[in-house]
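Quick note: the coordinates plus some simple rules give every number you see, no bench work behind them. Everything numeric here is computed off the predicted structure, so don't read it as measured data. Glycine gets a Cβ as well: all are built from the backbone with ideal geometry, and neighbour counts include every protein chain shown.
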């Protein structure tokens, strides 16, 4: 929330904003520091006192709600950009972009994952090798794949880095991205 920064930008003390919003300075202080949950009535009163819309009041003070930072896992040769919010995207789906540098070959049974759900991905650049049970399937840029994650599986790049855009259903998202 931007309450503190907006209040200070106006040169107001907690007492000034509290008087304008009808909230005690101590309550306002706890709201600003995150030690107290704000009610809708309080939020509306504060936004009115500051002359800001509710959207402007609750927008992130930095770029963390806009910029998607990569999560690198060098041990797995994988960089992930989680494109859907923490709670998942529409219908409980998770959307992510992945850069895979771990190349095909030398895959062991320990590399395979199995979990409930279904994965779908399209290859944006390069070529990937999908190990799906006993099958080894090459998927090139512009092609897509969809499979049940109850089948043991792993994905590797083929002869250089590859990037994929994937959609994971809710039951499979945490296993695929975080193990």
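Roughly how many Å is it from the Cα centre of the range 103-126 to that of the range 12-48, as a whole number? For the range 103-126 versus the range 12-48, the Cα centre distance is 50 Å. Would you mind classifying the range 3-58 by shape? Square roots of the alpha carbon gyration tensor eigenvalues, ordered a ≥ b ≥ c; an a/c under 1.5 is rounded, otherwise it is prolate if a/b is larger than b/c and oblate if not. Because its axes are fairly even, with a/c under 1.5, the range 3-58 counts as rounded. Listing 115, 153 from fewest to most neighbouring C-beta atoms within 10 Å gives 115, 153.
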